[in-house]
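In what follows, a structure is listed as structure tokens, so that the remarks can point back to it.
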Amino acid sequence: MSDTVTIAAERTVRLAPHEVFALFGTAQGAGWLFDAQCDEVRPGAVVSLRLPLDGLGGHAVDVLGTLARVVPGAVIDIEHTQPWRGRLSLRFTPSGARETRLQVRAHVPGEGMEWLLHRRGIPLPEPPDDGAVRLGAITNASGSGAVYSMSAELMAELAVDEVNADGGIRGSAAHLVTADDATDADQAALEAERMARLGCRAIFVNSTSASFEAVRRAVTGWDVLVVHTVLNEGGGLSPTAVRFGERPDAQLDALVAPAMATAGGRRWFLVGQSYVWSYGAHAAARRAITRAGGEVAGEALHPLGTGEFAATIERIERSGADLILSSLVGADEVAFERQSHAAGLRATTRTVALALEEATIAHIGPRAGEGLQTALGYFQDSPVAGNGELLRRYRTAYGVWAPAVTALSEIVYESIHQYARIVHLDPDGSAAAHGRALRRQRPVTAPDAIGSRDLLRPQLYVAQADGSSLRILSEVGRPR
């Protein structure tokens with residue numbers, strides 16, 4: 001599908017254009033300004049908003065993007081990758097005395113139309129076998145995980161393009177099949193079954209542990225390798241499943257004791273999601289806190305997609321906790337940290353967050369995120385060899401306003417490259433054989449470089465939020 005459809009919507013507001021413009025992205029403009037959330041109206045700032053799709057018989061769609069052009073009081077242009085790649089244009093036009101006609105115009109490309117139709121239950125076309133080596137990538141283009149997955153599909157695409165530019169896999173082109181699981185395990189299973197039918201030899205799951213497990217079960221018997229490409233709690237392995245990324249044990253060993261020393265406290269409150277990721281992370285947290293001489297003052301678990309944390313914040317205040325561990329992910333983490341800051345919780349507690357990377361901290365915002373700490377295997381200012389060249393290629397391919405490369409997307413790029421090298425050497429091998437090759441551990445003394453990092457035991461860096469970015473504070477030894 002290649003046709004582009006233009007969608008337009010508008011609101012009339014009883015304020016002058018410069019007054020309406022000043023309210024864009026604020027709580028006061030919620031609802032009638034397309035529920036936009038944006039801390040700074042300037043080129044390069046991140047934004048989330050709700051795009052009305054009544055003209056296509058659909059519902060509103062949450063869009064995540066970056067402000068690409070700003071004319072104060074008149075124009076805001078937004079480039080976005082979620083839930084599809086496109087551009088939105090907002091115009092603030094005078095309409096009578098002290099009234100403004102606010103228009104939003106979206107040019108929806110073919111991939112966006114396919115996403116919309118698929119979301120309404122219309123199956124995607126299944127092309128005939130063209131001899132390519134097909135690889136699947138399941139990401140969170142929508143749902144609560146969309147924030148952390150903003151650059152994942154782009155990084156998967158970049159890796160496949162580079163594999164093909166280098167001659168493909170044993171002379172055959174690699175072809176990427178992508179899907180949005182909407183941060184929903186059942187949808188992930190359906191997408192995995194479709195990818196298996198299309199002949200995908202491996203599926204890279206850049207989504208939750210629940211989605212990874214659903215995909216693993218869905219393709220049992222298909223001789224398809226499943227690779228989890230975000231930080232995770234471990235476990236859930238089989239001969240045809242590999243889990244890459246950071247583990248909470250290693251993250252917490254790097255974070256807990258220093259946070260306690262800085263805060264001068266020992267009482268922790270754990271906040272997370274009510275599924276296996278947080279269960280495993282909080283079990284690791286209890287062990288790390290005990291080793292450091294601390295104690296757990298309370299715990300709150302929330303379903304994925306939670307946006308209101310007032311009751312939990314009140315519990316934290318009553319608990320007397322000095323420190324907070326957050327294992328929340330995506331939009332849930334954004335909402336919790338913004339509400340914690342608004343409630344004044346930063347004045348009495350120090351927070352470490354396990355799933356905090358550049359895209360998430362940008363949406364949390366410079367004031368609400370200030371001082372948050374995390375430990376991950378990759379940051380945009382990582383000193384690892386080859387990182388500067390990777391970022392240059394990424395910006396050349398996708399532009400200056402493309403979302404940040406993060407620990408939760410860079411690993412997709414490296415996973416695909418490592419897998420392609422294995423299949424190139426063993427084109428007829430089974431999924432289990434390729435999985436064993438991916439799991440083969442590198443020597444602890446081997447230096448890290450982009451494209452050949454140890455993704456099973458990644459080198460960790462402790463970083464702290466500084467404005468809307470994450471600044472590396474220290475390097476942590478690679479887990480053994």
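The values are calculated or read from the model by the stated rules, or taken from the named source; none is laboratory data. Model, not experiment: these values are computed from the prediction. All Cβ positions, glycine included, derive from the backbone under ideal geometry; neighbour counts span all protein chains shown.
Screening the candidates Leu455, Leu391 for the property of being under 29 Å from Ala254 (Cα atoms), within 19 Å of the chain's Cα centre (by Cα), assigned to a loop (DSSP other than H, G, I, E, B) and not assigned by TED's automatic domain parsing to the domain that holds Glu153 yields one hit, Leu455.
State yes or no: is Ala359 surrounded by fewer than 19 Cβ atoms within 10 Å (Cβ to Cβ) and of a type in the set (A, V, I, L, M, F, W, C)? Spelling it out, it is not the case that Ala359 is surrounded by fewer than 19 Cβ atoms within 10 Å (Cβ to Cβ) and of a type in the set (A, V, I, L, M, F, W, C).
Looking across Val205, Val227, one residue alone is crowded, with 23+ Cβ neighbours inside 10 Å, in contact (Cβ under 8 Å) with a residue 40 or more places away in the chain, closer than 30 Å to Ser430 by Cβ and touching a His at 6+ places or on another chain (Cβ under 7 Å). It is Val205. Here Asp77 clears all of (1) among the charged types (D, E, K, R); (2) in contact with a Phe, Trp or Tyr (Cβ under 8 Å, 6 or more places away or on another chain); (3) at pLDDT 90 or above except the condition numbered (2). With respect to (1) within 21 Å of the chain's Cα centre (by Cα); (2) surrounded by fewer than 23 Cβ atoms within 10 Å (Cβ to Cβ); (3) farther than 23 Å from Cys38 by Cα, the lone exception for Gly371 is condition (3).
For region 349-383, what are the residues that are part of a loop (DSSP other than H, G, I, E, B) and closer than 24 Å to Ser274 by Cα? Selection gives Thr349, Leu354, Ala355, Leu356, Glu357, Leu372.
One residue alone among Gly429, Gly435, Gly386 is in contact with a strand residue (DSSP E or B) (Cβ under 9 Å, 6 or more places away or on another chain), assigned by TED's automatic domain parsing to the domain that holds Val230 and not aromatic (Phe, Trp, Tyr), and that residue is Gly435. Here the condition is being part of a loop (DSSP other than H, G, I, E, B), among the hydrophobic types (A, V, I, L, M, F, W, C) and either touching a Ser or Thr at 6+ places or on another chain (Cβ under 9 Å) or crowded, with 21+ Cβ neighbours inside 10 Å (or both); of Val405, Val412, Val423, Val462, it holds for Val405 alone. Would you confirm whether or not region 434-447 contains a residue that is basic (Lys, Arg) and within 21 Å of the chain's Cα centre (by Cα)? No, because not a single residue in region 434-447 is basic (Lys, Arg) and within 21 Å of the chain's Cα centre (by Cα).
The helices (runs of 4 or more DSSP H) found wholly in region 257-348 and carrying at least 2 residues that are of a type in the set (Val, Ile, Thr) and not assigned by TED's automatic domain parsing to the domain that holds Asp62 occupy 276-291, 310-319. Restricting Arg247, Arg266 to those that are basic (Lys, Arg), touching a Gly at 6+ places or on another chain (Cβ under 6 Å) and under 21 Å from Ile313 (Cα atoms) reduces the list to Arg266. For region 264-274, a residue qualifies if it is touching a Leu at 6+ places or on another chain (Cβ under 9 Å) and either at positive phi or crowded, with 20+ Cβ neighbours inside 10 Å (or both), and the qualifying residues are Trp268, Phe269, Leu270, Val271, Gly272, Gln273.
The set of residues from region 208-221 being in contact (Cβ under 8 Å) with a residue 60 or more places away in the chain and among the hydrophobic types (A, V, I, L, M, F, W, C) comprises Ala210, Val215. Taking region 66-145 and the strands (runs of 3 or more DSSP E) fully enclosed by it, the elements with 1 or more residues that are closer than 24 Å to Val400 by Cβ, of a type in the set (Asp, Glu) and outside the structural domain of His228 (by TED's automatic domain parsing) are at 75-82.
The condition of being over 19 Å from the mean Cα position of the chain (by Cα), farther than 24 Å from His118 by Cα and buried (at least 19 other Cβ atoms within 10 Å of the Cβ) holds for only one of Thr220, Thr240, that being Thr240. When Ala179 is tested against (1) hydrophobic (A, V, I, L, M, F, W, C); (2) over 19 Å from Val276 (Cβ atoms); (3) part of a loop (DSSP other than H, G, I, E, B), exactly one condition is not met: (3). With respect to Phe212, determine if the residue is among the aromatic types (Phe, Trp, Tyr), buried (at least 23 other Cβ atoms within 10 Å of the Cβ) and assigned to a helix (DSSP H, G or I). So Phe212 passes the test.
Collect the residues in region 295-338 that are out of contact with any helix residue (DSSP H, G or I) (no Cβ under 8 Å at 6 or more places or on another chain) and on the phi < 0 side of the Ramachandran plot, keeping them in residue-number order. Within region 295-338, Pro303, Ala311, Glu314, Arg315, Arg318, Ser319, Ala321, Ala335 qualify.
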